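The values are calculated or read from the model by the stated rules, or taken from the named source; none is laboratory data. This is a predicted model, so every value here is computed, not measured. Every residue, glycine among them, receives a Cβ derived from its backbone with ideal geometry; neighbour counts consider all protein chains shown. Side chains are part of the model used for accessible areas, which takes the heavy atoms of the whole protein and leaves out ligands, DNA and RNA. Shrake-Rupley method; radii C 1.70, N 1.55, O 1.52, S 1.80 Å.
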Amino acid sequence: MRQHHMHKPDHSHKEKIDYAKMAITLDHNFSMAEFVGPEKGLQEKDLENLTPRLEEIDQQIKTWRQEGTIGFFDLPYQEETAKKINKLAKKLKEWCWDLLVLGIGGSALGAKALHQALCHPSHNLFPPARRSYHSRLFVADNIDPDYLYGILDAVELRRTVVNVISKSGSTAETIAQFLFVYSLLKGRLGADKVRDRIVLTTDPEKGMLRHLVQNEGFPSLSVPPNVGGRFSVLAAVGLFPAAMVGVDIEELLEGARFMDQRLRSASISQNLAYRLAACYYLFLSQKARPIQVIMPYAAGLTGIADWFCQLWGESLGKKYALDGSIVHVGPTPVRAVGVTDQHSQLQLYMEGPPDKIITFLEVDKFQHTLAIPRLYPEMEGMHYLGGHSFAELLQAEKKATAFNLIKAGRPNLTLHLPEINPFTLGQLIYLFEVTVVVLGRLLNINPFDQPGVEGGKQTTYGLMGRQGFESQRREVENAPPVLDKYVL
């Protein structure tokens, strides 16, 4: 079935986007007391009572903007960066068949999400002409040796560009991958040719990868120092891989700008990010619902749900409050996918512990509808589907799931995307980034740090023999020995 080779509308001719028709909307009716009862749902007054705190947070955000301390707010406006990336991608795609991304966490999830949402589901399986000579994308976000070997076995090394992504330039997993792949390519192609095939995305001034750029001449892209990894999908971290696979990154940024301007011009009560954060905060703090399920009813948004889970987990899972007190706070993000997980996790959500708030992502218009044939009229269990479409069935199942959840007293809310395209994805990404910042401030924690992962990094350095981390190695060596009685 050879219909459209790209899984997105063709905006290459830069038609003017009808912003009103492409705006994301929030429907949180099913989170309110009128639908799930006063004990399980929110009251209007609960939301109104948060207005003073949200006003304070709004002022803090304005201060951050003025000071330029939180860089992701500026990313939608980095149009020159997008032009530079497009220019580099155009040059590389003249000969490049495959893009291999070496990165982990925020250096991988955004690129995977954009590729999955905005390219044909079989993009990597098509020959070059079928994908308009855009690169295939392979993301090595794990150091499992069998996994890495499998990826390297699949790419066409002589036609591969390697994008090494690490803001710090010292991420152990990514540096190990780089050393292996660099050595492999050097042996195949020679040192001179290798340099042109490896693009380093890292801090603009410091770190080991920047040192290689300065001393060995590798092509490079920069991650702004004030942009954390999980907020970097709209920086070169996500934009370069997206451009290589054919995503319109200028339209992606345009969507983020649209959402930014929408949020900045809205009142507190009409601000989409503030309302979303307020709902999540109240369910966590007042309704004992610490598990936050993100459930897109579109297979292409599965990667966005994975990216969301990192954004939520690293930003909101914190031991200390801003005043230094111990709070051990944070919602647990869980990814589910409709309709797949209706036959997997939904039983738990419907009848298990009432500790979850579910956010659906619903797409109003798909690129393909696929009519269901009218067959077997003598078999009602089949025939009733005839004359409908797969898109209609998918949307009916989402509606049925949301409705039956509230019948069971399980609150949920829905974010509507008019369709999946770079403009709506730019909106959604930026909306979630602002929402998590606001939610972090409501929880009185710092949403921008991640001290909980530093201990594991340092212990790994020690175990692998890195100088300066000998004490971490000794700590492991001096730990109580394991007991044989507990090993079965």
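Amide H of Val334: which non-local residues (sequence gap of 5 or more, or other chain) have their own amide H closer than 5 Å, using H built in the peptide plane?
Gln292, Val293, Ile294
Using a Förster radius of 35 Å, what is the FRET efficiency between Ala400 and Thr460 based on their Cβ-Cβ separation? Nearest 0.05, please.
Numbers: r = 47 Å, r/R0 = 1.33.
Calculated transfer efficiency: 0.15.
Express the carbon and sulfur contribution to the solvent-accessible surface of the chain as a percent, rounded to the nearest whole number, probe 1.4 angstrom.
Numbers: 12400 of 23510 Å².
After summing per-atom areas, the C and S share lands at 53 percent.
Report, in debye and to the nearest 20, how large the dipole of the range 214-343 comes out about its Cα centre when Lys and Arg carry +1 and Asp and Glu carry -1 on their Cβ. Intermediate values should be presented prior to the final figure.
On the way: 10 positive and 10 negative charges, 139 e Å.
Result for the range 214-343 is approximately 660 debye, rounded to the nearest 20.
Dipole of the range 133-269 (Lys/Arg Cβ +1, Asp/Glu Cβ -1, origin at the Cα centre): which of Ser267, Val161, Asn215 lies farthest to the positive side?
Sorting the options by dipole projection puts first Asn215.
Considering only protein heavy atoms, what is the solvent-accessible area of Glu156 at a probe of 1.4 Å, reported in Å² to the nearest 10?
80
Which longest uninterrupted range of the chain lacks any chymotrypsin sites (Phe, Trp or Tyr not before Pro) assigned by DSSP to a loop state (not H, G, I, E or B) and surrounded by at most 16 other Cβ atoms within 10 Å? It would help to have the intermediate numbers written out before the result.
On the way: sites that count: Tyr19, Trp95, Tyr133, Tyr384.
Excluding the exposed sites themselves, the longest stretch runs over 134-383.
Which FRET efficiency, nearest 0.05, do Asn444 and Met382 yield, Cβ-Cβ r, R0 60 Å? Walk me through the numbers before you get to the answer.
Values: r = 56 Å, r/R0 = 0.93.
After rounding to 0.05, the efficiency reads 0.60.
With a probe of 1.4 Å, find how much accessible area the chain has per residue, and write the answer as a whole number in Å².
Values: 23510 Å² over 488 residues.
On a per-residue basis, the chain sits at 48 Å².
Going by amide H atoms built from the backbone, whose H comes under 5 Å of the H on Val139, apart from near neighbours?
Val101
Any idea which of Pro422, His388, Leu483 is furthest toward the positive side of the dipole for the range 342-488, if Lys and Arg beta-carbons carry +1 and Asp and Glu beta-carbons -1?
Leu483
Please work out the FRET efficiency for the pair Tyr486 and His211, using the Cβ-Cβ distance as r and a Förster radius of 41 Å; give the result to the nearest 0.05.
Working: r = 46 Å, r/R0 = 1.11.
FRET efficiency, Tyr486 to His211: 0.35.
For the range 354-487, give the magnitude of the charge dipole about the Cα centre (Cβ charges: +1 Lys/Arg, -1 Asp/Glu; no others), in debye to the nearest 20.
On the way: 13 positive and 15 negative charges, 41 e Å.
The calculation lands at about 200 debye.
The range 130-169 to the range 445-460: how many Å between their Cα centroids?
27
For the residue pair Gln66 and Lys21, what label-to-label distance in nm results when each label sits 7 Å from Cα along the Cα-to-beta-carbon direction?
Calculated label separation equals 4.1 nm.
Which length gain, in nm to one decimal place, applies between Ile372 and Asp196 when the Cα-Cα distance is subtracted from 0.36 nm times their residue separation? Walk me through the intermediate numbers first.
Values: separation 176, 0.36 × 176 = 63.36 nm, distance 4.99 nm.
That pair, Ile372 and Asp196, stretches by 58.4 nm at full extension.
Show Arg158, Arg230 ordered by accessible area, largest first, where the area counts protein heavy atoms only and the probe is 1.4 Å. Kindly include the intermediate steps, with their values, before the conclusion.
Values: Arg158 135, Arg230 10 Å².
Highest to lowest solvent-accessible surface, that is Arg158, Arg230.
Which value, in debye to the nearest 20, gives the size of the charge dipole of the chain about its Cα centre, when Lys and Arg are +1 and Asp and Glu are -1 at the Cβ? All intermediate terms of the calculation are to be shown ahead of the outcome.
Values: 53 positive and 54 negative charges, 199 e Å.
Around 960 debye, computed over the chain.
Helix-only estimate, please: 222 nm mean residue ellipticity of the chain, summing -39500 (n - 2.57) across DSSP H runs of length 4 or more and dividing by its residues, to the nearest 500.
Values: 19 runs with 215 residues, N = 488.
Per the formula, -13500 deg cm²/dmol.
Filter Lys62/Lys319; Lys62/Lys356; Lys40/Lys407; Lys112/Lys206; Lys45/Lys287; Lys167/Lys206 down to the pairs with a C-alpha to C-alpha distance above 21 Å, please. Could you put the intermediate results ahead of the total?
Details: Lys62/Lys319 27 Å; Lys62/Lys356 32 Å; Lys40/Lys407 12 Å; Lys112/Lys206 26 Å; Lys45/Lys287 15 Å; Lys167/Lys206 9 Å.
With Cα atoms farther than 21 Å apart: Lys62/Lys319; Lys62/Lys356; Lys112/Lys206.
For the range 44-68 and the range 328-356, write down the distance between their C-alpha centroids in whole Å.
30
Tell me which trypsin sites (Lys or Arg not before Pro) from the range 292-389 have a DSSP coil assignment and no more than 14 other beta carbons within 10 Å of their own.
Values: sites: Lys318, Lys319, Arg335, Lys356, Lys365, Arg374; in loops: Lys365, Arg374.
Of the trypsin sites (Lys or Arg not before Pro), the ones in loops of the range 292-389 whose Cβ has at most 14 other Cβ atoms within 10 Å are Lys365, Arg374.
Would you kindly state how much longer the chain becomes between Lys87 and Lys365 on full extension, computed as 0.36 nm times their sequence separation minus their alpha carbon distance, in nm to one decimal? Don't jump to the answer; show the numbers that get you there.
Details: separation 278, 0.36 × 278 = 100.08 nm, distance 3.21 nm.
Residue separation times 0.36 nm, minus the Cα-Cα distance, leaves 96.9 nm.
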